[in-house]
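Below is one structure; the comments refer to it alone.
The values are calculated or read from the model by the stated rules, or taken from the named source; none is laboratory data. It should be emphasised that the depicted structure is a prediction, and the values quoted were computed from it without experimental measurement. Please note: Cβ atoms are built from the backbone with ideal geometry, for glycine as well, and neighbour counts cover all protein chains shown.
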Amino acid sequence: MAQEHLIVFDTTLRDGEQSPGASMTREEKVRIARQLEKMRVDVIEAGFPAASNGDFEAVRAVAEAIRESTVAGLCRASEKDIARALEAIKPAQSGRIHTFIATSPIHMEKKLRMTPDEVIAAARNAVRFARNGIDNVEFSCEDAGRSELDFLCRIIEAVIKEGAGTINIPDTVGYNVPEQFAERIRLLRERIPNADKVVWSVHCHNDLGLAVANSLAAVMAGARQVECTINGLGERAGNAALEEVVMAVRTRQDIFPCDTRIDTTQIVAASKMVSGITGFPVQPNKAIVGANAFAHESGIHQDGVLKHRETYEIMRAEDVGWNANKLVLGKHSGRTAFKARLKELGMEVDSEQVLNAAFARFKELADKKHEIFDEDIHALMSEDVTTPE
Ligand code: KIV
Ligand code: ZN
């Protein structure tokens, strides 16, 4: 199947940074941006230049440092914000203005205190103003997940006429479920004139734990840009996790009509870097980047993996940047894994009797400890040799 390109728009440095306690210095942002570039992320959203002088400087530093990825600056639909963002991304080899305004009834009435017509006028003006400064303009309908479809059609049609090249549909409060969100993307693409002239993007939050599922459903419905963050960092419950979106699409090429250009072997390094800089630990059972994501403890699984890794692995640990998968020895482990570990440690045992005795001691110990480490095995084996039965 000829694959289309799925654009990866990483917003770790902007939406990720909006996670309480996750703010980053300029130097930290540049380090992360370089890792994202190395990973071949298409677009790096470096920050919100109008938010503070510090963020302006950070976006500028990222724009100066990065050559291979597009660098985006976020701005409200106001000329002042856009001018500031244009200034910040000026040094970029390839820059993008990402401007947004809220489109849901509750946001327009209670937050913006603007009528729908005023919102459309502000959006048109913002995109026109941005296009005077740069060709690459993305427009986002904030809270699109709770906006009325007819209104979304009106505002999106208007901004496409003004020259927006990417239309982003955020599920800002993580309210949607996959089928409903996909249907929204499908209907917008069907109804809006010239829909095929722009890139459709999605930006999903994880309030119901559905950010990745919603993003993937939207890709099936025609979205060709996914906005995401490393480790799913982001406001409240976070954003769609880049590593999960990328690996779902890569692993299931049998059903996805597109693929990203991400060098997946850089994923674990990026995850560790973001976790180290922000101080946000990665939970051990986190998909792809958690310490246990490729670890097997149960005897049945270990036996299966030792016979053929695909019995219990749908991806290779090495393909996302781990050294290898792990067979963790614990109380659920079986003889096969125990024997394999002995061999790895250079303590191969020929006698079935000695092996049985050692395995029995191992099980005894495993009942008392969460995990059996190599040092435990060394101790256990030397005991076996030196202690008379
Ligand atoms: O969640 C959201 O709506 C956003 C927009 C600014 C894209 O982060
Ligand atoms: Zn967001």
The condition of being under 25 Å from Gly238 (Cα atoms) and surrounded by fewer than 22 Cβ atoms within 10 Å (Cβ to Cβ) holds, among Thr115, Thr25, Thr103, Thr12, only for Thr25
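Check Thr264, Thr251, Thr260, Thr229 and return the single one that is within 16 Å of ligand 1 (Cβ to nearest atom), hydroxyl-bearing (Ser, Thr, Tyr) and either modelled with pLDDT of 95 or more or in contact with a Phe, Trp or Tyr (Cβ under 6 Å, 6 or more places away or on another chain) (or both).
None of the other options fit; the residue is Thr229.
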Checking Lys197, Lys161 in turn, the sole residue that is away from ligand 2 (no atom under 16 Å from the Cβ), free of Cβ contacts under 8 Å to residues at least 40 places away in the same chain, more than 18 Å from Ala126 (Cα to Cα) and among the basic types (Lys, Arg) turns out to be Lys197
Out of (1) modelled with pLDDT under 95; (2) buried (at least 17 other Cβ atoms within 10 Å of the Cβ); (3) not polar (S, T, N, Q), the one Ile66 does not meet is (1)
Per-region count, region 11-53, residues within 13 Å of ligand 1 (Cβ to nearest atom) and of a type in the set (Asp, Glu)
3
Any residue at all in region 257-266 that's aliphatic (A, V, I, L, M) and either within 16 Å of ligand 2 (Cβ to nearest atom) or assigned to a loop (DSSP other than H, G, I, E, B) (or both)?
yes
Which one of the conditions (1) over 24 Å from Ala237 (Cβ atoms); (2) part of a loop (DSSP other than H, G, I, E, B); (3) away from ligand 1 (no atom under 16 Å from the Cβ) does Phe56 fail to meet, given that it meets all the rest?
(2)
Could you tell me whether Ala237 is surrounded by fewer than 19 Cβ atoms within 10 Å (Cβ to Cβ), farther than 24 Å from Glu4 by Cβ and within 16 Å of ligand 2 (Cβ to nearest atom)?
yes
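Residues are listed down the side, and each one gets a yes or a no for (1) within 23 Å of Asp196 (Cα to Cα); (2) within 16 Å of ligand 2 (Cβ to nearest atom); (3) in contact (Cβ under 8 Å) with a residue 12 or more places away in the chain; (4) not aromatic (Phe, Trp, Tyr):
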| position | (1), (2), (3), (4) |
| --- | --- |
| Arg84 | no, no, yes, yes |
| Glu87 | no, no, yes, yes |
| Lys90 | no, no, yes, yes |
| Ile101 | yes, yes, yes, yes |
| Pro105 | no, no, yes, yes |
| Val119 | no, no, yes, yes |
| Glu138 | yes, yes, yes, yes |
| Arg146 | no, yes, yes, yes |
| Leu152 | yes, no, yes, yes |
Give the residue, chosen from Val246, Val226, that is part of a helix (DSSP H, G or I), of a type outside the set (Asp, Glu), in contact (Cβ under 8 Å) with a residue 12 or more places away in the chain and crowded, with 24+ Cβ neighbours inside 10 Å.
Val246
Say whether the condition of being within 25 Å of Gly95 (Cβ to Cβ), without any contact (Cβ under 8 Å) to a residue 60 or more places away in the chain and assigned to a helix (DSSP H, G or I) is met by at least one residue in region 174-193.
no
The residue that is farthest from the chain's Cα centre (by Cα), considering only those in region 229-243 that are hydrophobic (A, V, I, L, M, F, W, C) and outside any helix (DSSP H, G or I), is Ala237
Conditions: (1) closer than 23 Å to Thr70 by Cβ; (2) within 16 Å of ligand 2 (Cβ to nearest atom); (3) more than 12 Å from the chain's Cα centre (by Cα). His203 meets all but one. Number of the miss?
(3)
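Okay, residues lined up against (1) more than 16 Å from ligand 1 (Cβ to nearest atom); (2) over 22 Å from Gly232 (Cα atoms); (3) polar (S, T, N, Q); (4) out of contact with any strand residue (DSSP E or B) (no Cβ under 7 Å at 6 or more places or on another chain):
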residue	(1), (2), (3), (4)
Ile156	no, yes, no, no
Glu162	yes, yes, no, yes
Thr166	no, yes, yes, no
Val177	yes, no, no, yes
Glu183	yes, yes, no, yes
Matching residues in region 108-154 (of a type in the set (Val, Ile, Thr), within 16 Å of ligand 1 (Cβ to nearest atom) and either at pLDDT below 95 or not in a helix (DSSP H, G or I) (or both)) number 1
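Looking only at region 1-22, filter to residues that are more than 16 Å from ligand 2 (Cβ to nearest atom) and of a type outside the set (A, V, I, L, M, F, W, C); which one of those is modelled with the lowest pLDDT?
Out of the qualifying residues, it is Gln3.
Listed here are the residues, each with its yes/no results for (1) closer than 30 Å to Glu28 by Cβ; (2) under 32 Å from the mean Cα position of the chain (by Cα); (3) in contact (Cβ under 8 Å) with a residue 24 or more places away in the chain; (4) surrounded by 11 or more Cβ atoms within 10 Å (Cβ to Cβ).
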site: Ser275; (1), (2), (3), (4): yes, yes, yes, yes
site: Ala287; (1), (2), (3), (4): yes, yes, yes, yes
site: His296; (1), (2), (3), (4): no, yes, yes, yes
site: His301; (1), (2), (3), (4): no, yes, no, yes
site: Ile314; (1), (2), (3), (4): no, yes, yes, no
site: Leu329; (1), (2), (3), (4): no, yes, yes, yes
site: Gly346; (1), (2), (3), (4): no, no, no, no
site: Asp350; (1), (2), (3), (4): no, no, no, no
site: Glu383; (1), (2), (3), (4): no, no, no, yes
